[in-house]
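> Have a look at the structure that comes next, please.
The values are calculated or read from the model by the stated rules, or taken from the named source; none is laboratory data. Computed from a predicted model, the values in this text were never measured in an experiment. Virtual Cβ from ideal backbone geometry, glycine too; neighbours counted across all protein chains shown. Ligands, DNA and RNA are excluded from the accessible area calculation, which covers all protein heavy atoms including side chains. Shrake-Rupley method; radii C 1.70, N 1.55, O 1.52, S 1.80 Å.
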Amino acid sequence: MENILAQAAKVAEEAEVFAVASEETQAQFEANRLKYLQTKQQTSVALRIVRQGKIGYATTTELDDRQNLVNNAVETAQFGMQAKFQLPAPSSYPQVKIFDSKMESVSTEEMIKLGEELITAVTGHTQGIICEAEVAKGVISVRIMNSRGGQAQYRKSFFSLGIEGNLVSGTDMLFVGESESSCRPLSESRAVAEVVLQQLELAKNRASVPSRSLPVIFTPHGVASALIMPLMTAFNGKTVLEGASPIGNRLGQLVFDQKLWLWDDPTIVYRPSSRPCDDEGIPSQRTPLVEGGTVTNFLYDLQTAALAHTRSTSNGGRSHGGLPAPTPSAFIIAPGKATFAEMVQDIKEGLVIEQLMGAGQGNILGGDFSGNVLLGYKVESGKIVGRVKDSMVSGNVYQVLKEIMALGSESKWVGSFLQTPHIYCPSLSVASKG
Amino acid sequence: MTVEAVAQELTEVIKRHDADYIEARLEESQTSHIAYRGRELESIGRATAVGGNVRALVRGGWGFVSFNNLDALPGRVELAVKQAKFAGSEASKLAPAEPVVDIVSAEVSKNPVTIPLETKKQMLDEYNEIIWRTPEIQTSIIGYGDSSKKTVFLSSSGSYIVQERTDIILRLAAVATRDGDVQQVGLSVGSRGDFNLIQGLHQQVAQMSRHAVELLSAPQAKGGEYTVVLDPVLAGVFVHEAFGHLSESDFVYENDRVRQLMTLGKQFGSEQLNIVDAATVPGLRGSYKYDDEGMPATKTYLIREGKLVGRLHSRETAAKMKEKPTGNARAINYRYPPIVRMTNTYIEPGSVSFADMISDIKEGIYAKNWYGGTTSMEMFTFSAGEAYMIRNGKIAEALRPVVLTGNVFTTLKNIDAIGNDLEMNQGGGCGKGEQVPLPVSNGSPHIRIRHCLVGGR
């Protein structure tokens, strides 16, 4: 890495090398039994330079091929964007616990056992269900160096287990599923299994809904599938800078319901989305985005921050192997006071939504969403009466979050990018078949 | 060392191991990309990558090891075999494969990655300028990417196949705003490496930009059931989502209830309906000569005269279902094992003209172009980039983008007219599990669907 940096520094005003190495093991189960064991090793190096004021960029997996990497970066710099930022000088980083040395000693046998336990729990509950499961562990090392002497490096371990069950009867297909992840080894499958069993219980009976406006409770999974992508786009400093964010000019204004508190947080201990610094070496920070319904911040990387005359919020991410861009680490929505049972009791006729398929395909920027209720339940007179199918739910994220009936008292992680409670909304448009 | 030299060494190594089957794939690739957000070029870059994998099968269990460090390969082969032994618990089943030794070079005369960045940038600048010239456009989003990849496949049954392929994808979007309202319209095009095919789109880009502005004053559809006419692009997405994924037999082969549901011979649609998947069509983004298990590509009828007649297979799914392999095992890159995937999937043309198709619709929706689509096998949704009301047999006012949904077992039967104007769309990419976006193409003539559920206010 030092050599690449030195070589690049000869032809550029500034240079930065970002290197990632990872090793991952996965046990994959198909049709209720172990099918695949996989090991994946990967290394890559990205070089960003500023040459004659412009940004050049190249990546490679061949660490020995320094000259080619530098040449490619130089070639692209002819056309690159004007660099408006300065790479960070040496700085100190928060202590964020994301590595557990016990990860190495987790054996393949233990991983397989966890997967088998999960499948046994689910197939023991429902006859004929076909499950896929995955148990994975790994370690990722990140190193960043730049020509201003800035340097950061960290190691992160991760572990995940997940299951998806498919129950077919006639032409009807029911999909249930749950997953859990951590930077520490997980040794328990019960919590994940119980969520799936509850989904199976609630989906046992069928119920129909009318085509009209109805109150809706989004479960944490439901929030993830319907509401969160438009928000992640709208709070992206780049969308704001372009004038394409509906909340871009509403900083300091009350845009959402006063019950809503939302922030981005890469510093939570042992979360796979956490890290001591972002992919540009900026120390991690918790960034409040909505406080009591008021928009308080947007997310920035170095370049976007410089263009917007503000500071990086430590959200420079290289999610697709490209140049850093504003990227959320994990969105956290603060819990409220209502239990899920209380929310359900409050509804005369309505819906609980676990999974809204296709909601991310609409006009994300404008906040409109529309999706098929892949997993959802009908509520009648305060009780869940059965699973809803052949229905579409449509709305606009900004209207939905402007008037929230209640937020759930318990928060839950969905994947590694969102922690949220249930969200109870007074009215959404439902279109139902037949 | 070149990947070919490494591959030569590996052929000896895999012979020494005790497994039912071993294969290895080695890849080297070059890519370039250019992205615009707004007027400014946002990102431009070049990447090179080398990597490979070894996959072993022992007693029905698979071991898979991927790497981009090409040293110490004997140890990686050993690990893959060890993992396979660990996972295996039954007899291995693979459809027989003739050993193939072949070299397939890229079809295009000019590797798109080697075209100067300046040429690519100039073309994108022209497109971007057209978007920005349109009044009330707030911003533009443009993403261009090309790749050139060489893959060496070798197997313990004696295959040794070198394949080269190139690919280009271009996505443009125009974003219009008015009073806090944001609307966007996109255009996706692609080619199997032929740069000429993505040039000269100026008129389409202008039309896309105007449409984004028009949407600001367009109403939202009222949710409910409609007679819907799909243009070839959207109908292609529909056939891919609504039926294509269900015909991938890795979802079928070990699930007895799904096997029953998908019994060959079952009636899925009207006699006019024919659905095909064919990697053998030359020059499309889903085309190839051999899949990632070294099996020759085929043309497979999935539905013929409305009846289910075939499905897509890997060697394992074909053997377990006692059907013929179709050469549909594909991996997005060396990091992943091949899984059953589509290639170029289309509805064969019928005889109805577009004018006839809409002439007797009193109130319906004409849905065009493509935002996205997804499936849960039984249920699917797909979204149109453009939509218009059809009133009394005529195209009427524009609507905001609509999301359509349906149930595959009823919706295919509700197709009651198939047009005479097949077109293939090259701008898509298919996702399955983590393997996204895989180059595929979809196509169809215009089709009409009765009782299609549309989301809306």
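> In whole Å, how far is the Cα centre of region B:163-210 from that of region A:17-61?
28
> About the Cα centre of region A:2-200, how large is the charge dipole given +1 on each Lys and Arg Cβ and -1 on each Asp and Glu Cβ? Please answer in debye to the nearest 20.
The dipole magnitude comes to about 920 debye.
> Okay, next question. Can you give the net charge of the other residues whose Cβ lies under 13 Å from the Cβ of residue B:257, counting K and R as +1 and D and E as -1?
Its environment carries a net charge of -3.
> Now for a different question. Name the residue from B:240, A:61, A:174 whose Cα lies farthest towards the positive end of the charge dipole of the protein assembly as shown, charges +1 on Cβ of Lys and Arg and -1 on Cβ of Asp and Glu.
A:174
> Apply the Karplus curve 6.51 cos²θ - 1.76 cosθ + 1.60, θ = phi - 60°, to the phi angles in region B:129-144 and return the couplings in whole Hz, x for Gly and Pro.
Calculated HN-Hα couplings, in order: 4, 5, 4, 5, 6, 6, x, 6, 7, 8, 6, 10, 10, 10, x, 10 Hz.
> Ok, one more. Within the set of other residues whose C-beta is less than 12 Å from the C-beta of residue A:326, count the net charge using Lys and Arg as +1 and Asp and Glu as -1.
Computed value for this residue: -4.
> Let me ask another. Picking from A:268, A:49, A:119, which is most flexible by a Gaussian network model of chain A using Cα springs under 10 Å?
Of the options given, A:268 has the highest mean-square fluctuation.
> Report the GluC sites (Glu not before Pro) located in region B:304-342 that are in a DSSP loop and have at most 16 other Cβ atoms inside 10 Å of their Cβ, or state none.
Passing sites in region B:304-342 are B:305, B:323.
> Also, I was wondering about something else. Sorted from largest to smallest, which semi-axis lengths in Å does the alpha carbon gyration tensor of region A:2-200 give for its equivalent ellipsoid, taking the root of 5 times each eigenvalue?
46, 18, 15
> Between region B:117-139 and region B:334-399, how far is it from one alpha carbon centroid to the other, in angstrom?
28
> For the protein assembly as shown, place one equal point scatterer on every Cα, skip the solvent, and apply the Debye formula. What is log10 of I(q)/I(0) at q = 0.06, 0.07 Å⁻¹?
-0.39, -0.54
> Also: Can you work out the accessible area per residue across the protein assembly as shown, with the rest of the protein chains kept in place, probe 1.4 Å, in square angstrom?
37
> Could you tell me the ratio Rg/Rh of region B:59-141? Both radii from Cα atoms, Rh via Kirkwood.
1.31
> Let me know the shape class of chain A, please: from the alpha-carbon gyration tensor, a ≥ b ≥ c as square roots of the eigenvalues, rounded when a/c is under 1.5, otherwise prolate if a/b is greater than b/c, or oblate.
oblate
> Taking only the C-alpha atoms, wrap a convex hull around region A:182-233 and report its volume per residue in Å³ as a whole number.
Value for region A:182-233: 110 Å³ per residue.
> Could you give the radius of gyration (one decimal) and Dmax (whole number) of the Cα atoms in chain B, in Å?
Radius of gyration, then largest Cα-Cα span, for chain B: 23.4, 72 Å.
> Leaving out ligands, DNA and RNA, and with a 1.4 Å probe, what % of the accessible surface on chain A is carbon or sulfur?
48
> Not counting the cut sites, what is the longest span of chain A without GluC sites (Glu not before Pro) that DSSP labels loop and that have at most 16 other Cβ atoms within 10 Å?
Formally, the longest exposed-site-free interval is A:189-402.
> Oh, and also: Report, in listed order, any pair from B:289/B:322; A:433/B:368; A:113/A:389; A:35/A:137 with a Cα-Cα distance greater than 27 Å.
A:113/A:389
> Provide the packing ranking of B:72-81, B:324-333, i.e. peptides ordered by the mean count of other C-beta atoms within 10 Å per residue, highest first.
Per-residue Cβ counts within 10 Å, averaged per peptide and sorted highest first, yield B:324-333, B:72-81.
> Once neighbouring chains are kept in place and the probe is 1.4 Å, which whole percent of the accessible area of region B:1-156 is contributed by carbon and sulfur?
C and S atoms contribute 49 percent here.
> Relative to the Cα centre, what is the charge dipole magnitude of the protein assembly as shown, using +1 at the beta carbon of each Lys and Arg, -1 at the beta carbon of each Asp and Glu, and rounding to the nearest 20 debye?
700
> Right, something else. In Å², rounded to the nearest 100, what is the total accessible surface buried by chains B and A against each other with a 1.4 Å probe?
Separately minus together, B and A give about 6600 Å² buried.
> Additional query: What's the Cα-based Rg to Rh of region B:224-454, Rh via Kirkwood?
Ratio value, two decimals: 0.97.
> Can you give the mean number of other chain Cβ atoms that lie within 10 Å of the Cβ atoms in peptide B:58-64?
Per residue, the average neighbour count from other chains is 4.
> Another question about this same structure. Could you tell me which of A:405, B:255, B:437 has its Cα farthest along the dipole of the protein assembly as shown towards the positive end, charges placed at Cβ (Lys, Arg +1; Asp, Glu -1), taken about the Cα centre?
Highest projection toward the positive end goes to A:405.
> Calculate for chain A the 222 nm mean residue ellipticity that helices alone would give, adding -39,500 (n - 2.57) per DSSP H run of length 4 or more and normalising by residue count, nearest 500 deg cm²/dmol.
-5500 deg cm²/dmol, from helical runs alone.
> Net charge near residue B:97, counting Lys/Arg +1 and Asp/Glu -1 over other residues with Cβ under 9 Å of its Cβ?
Neighbourhood net charge equals -1.
> Where does region B:313-426 land on Rg(C-alpha)/(2.2 N^0.38 Å)?
1.38
> Take region A:205-434, drop everything but the C-alpha atoms, weight them equally and run the Debye formula without solvent; then report log10 I(q)/I(0) at 0.09, 0.16 Å⁻¹ to two decimals.
The Debye formula, applied to the Cα set alone, gives -0.38, -1.07.
> Here's something else I'd like to know. Need the C-alpha centroid separation for region A:309-328 versus region B:237-268, integer Å.
Between the Cα centres of region A:309-328 and region B:237-268 lies a distance of 42 Å.
> Among the trypsin sites (Lys or Arg not before Pro) within region A:339-434, which fall in a DSSP loop and have no more than 13 other Cβ atoms within 10 Å of their own Cβ?
Within region A:339-434, the qualifying trypsin sites (Lys or Arg not before Pro) (loop, at most 13 other Cβ atoms within 10 Å) are A:348.
> What distance in nm lies between label points placed 7 Å from Cα along the C-beta direction at residue B:5 and residue A:349?
7.5
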